[in-house]
Amino acid sequence: MNMFSPEEMLENINRVREQIREAAKEAGRDEKEITLIGVSKFFPAEYAAQAFSLGLTDLGENRPEEMHAKKQALDEKDLHPNWHLIGTIQSRKVRTIVGDPYLIHSVDTLSLAKEISKRYQARDLTARILLEVNVSGEESKHGFSEEEVKAQFEELFSLPNLDLCGLMTMAPIQQQEGQARSVFEKTRVLFDQLKKEGADEKNWKYLSMGMSGDFREAIACGATHVRIGTAIFGKRDYPDPV
């Protein structure tokens, strides 16, 4: 893959920021409420370092081992972005990333939450997590169903060394206009319902939803974090809609 020059990458970042600004304005929101996460997965650490040096303070990775390696590489250069783990996590890999992520977006089962709690408790650390929900019911998507997250929320909330900060979702690739927005709207409703059912208001404030093809709709529905890869870093060597 060809690496963008700093000027080209900065142009991409600024273009996305302007689109976020416009979407926030249309929704009557403050753009400062929305965190842009640059998804650098599958790109080399040099891409992530360049993006951070250009002012992109939040970076997202899908795989724990890739995030850990890039964090180490950037730490050596005294570059310290907020690392977001946004991909599926196998319970056996939790021990390898304790303390690495600024925010874990993809906690999709109670058993995974328990494993993160156990590993972080052993290190006397606290993990900030989002619960991944699958409100569309797609078999190909990970995440709690609406019924599961409501039934298990009290137990999730009681786990030690976890701060439950909100929800994450992925919309299907749109086959027709409005399909993604429907998923985002349902997720926002669920977020508000869980808040009323006892979520800690100090922490319960994040909605991670929206990627390169649908982040405008996500912002209209209340997204606080959008996960943008292709529009900033370019096309990957792997098929990916982020």
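The values are calculated or read from the model by the stated rules, or taken from the named source; none is laboratory data. Computed from a predicted structure; not experimentally measured. Positions of Cβ are generated from backbone atoms using ideal geometry, with glycine treated the same way; all protein chains shown enter the neighbour counts.
Checked against (1) closer than 23 Å to HIS84 by Cα; (2) among the basic types (Lys, Arg); (3) touching a helix residue (DSSP H, G or I) at 6+ places or on another chain (Cβ under 8 Å), LYS195 meets all criteria but (3). Within the range 70-90, the set of residues being surrounded by 14 or more Cβ atoms within 10 Å (Cβ to Cβ) and more than 18 Å from the chain's Cα centre (by Cα) comprises ALA73, LEU74, LEU79.
If the condition is being over 18 Å from LEU207 (Cα atoms), of a type outside the set (Ser, Thr, Tyr) and in contact with a helix residue (DSSP H, G or I) (Cβ under 6 Å, 6 or more places away or on another chain), then the range 14-49 contributes VAL16, PHE43, ALA45, ALA48, ALA49.
Checking each residue in the range 45-87 for being of a type in the set (Asp, Glu), within 22 Å of ASN12 (Cα to Cα) and modelled with pLDDT of 95 or more picks out ASP58, GLU61. Among the residues of the range 202-220, just one is at pLDDT 95 or above, assigned to a loop (DSSP other than H, G, I, E, B) and either exposed (fewer than 14 other Cβ atoms within 10 Å of the Cβ) or aliphatic (A, V, I, L, M) (or both), namely MET209.
Tell me which residues, restricted to the range 14-53, are in a helix (DSSP H, G or I), surrounded by fewer than 20 Cβ atoms within 10 Å (Cβ to Cβ) and among the aliphatic types (A, V, I, L, M). Once the filter is applied, which keeps residues that are in a helix (DSSP H, G or I), surrounded by fewer than 20 Cβ atoms within 10 Å (Cβ to Cβ) and among the aliphatic types (A, V, I, L, M), the range 14-53 yields VAL16, ALA24, ALA45, ALA49.
Annotation note: Cβ proximity below 6 Å between a residue of the range 119-145 that is β-branched (Val, Ile, Thr) and a residue that is surrounded by 14 or more Cβ atoms within 10 Å (Cβ to Cβ) and in a loop (DSSP other than H, G, I, E, B) (sequence gap 6+ or interchain) occurs for THR126/ASN161; VAL133/GLY143; VAL133/THR169.
Checking ALA51, ALA23 one by one, the residue that is aliphatic (A, V, I, L, M), in contact (Cβ under 8 Å) with a residue 60 or more places away in the chain and under 21 Å from PRO101 (Cβ atoms) is ALA51 and no other. Return the residue satisfying two criteria in turn: it lies in the range 111-143 and is touching a Ser or Thr at 6+ places or on another chain (Cβ under 8 Å) and modelled with pLDDT of 95 or more, and of such residues it is surrounded by the fewest Cβ atoms within 10 Å (Cβ to Cβ). Across the range 111-143, the extreme among qualifying residues is SER111.
Confirm whether LEU56 is surrounded by 15 or more Cβ atoms within 10 Å (Cβ to Cβ), in contact (Cβ under 8 Å) with a residue 40 or more places away in the chain and part of a loop (DSSP other than H, G, I, E, B). Give the steps one after another, and end with the answer.
Working: surrounded by 15 or more Cβ atoms within 10 Å (Cβ to Cβ): yes; in contact (Cβ under 8 Å) with a residue 40 or more places away in the chain: yes; part of a loop (DSSP other than H, G, I, E, B): yes.
Judged against the criteria, LEU56 is a match.
Mind telling me which of the residues ALA223, ALA199 ends up being among the small types (Gly, Ala, Ser) and at pLDDT 85 or above?
From the options ALA223, ALA199, the qualifying one is ALA223.
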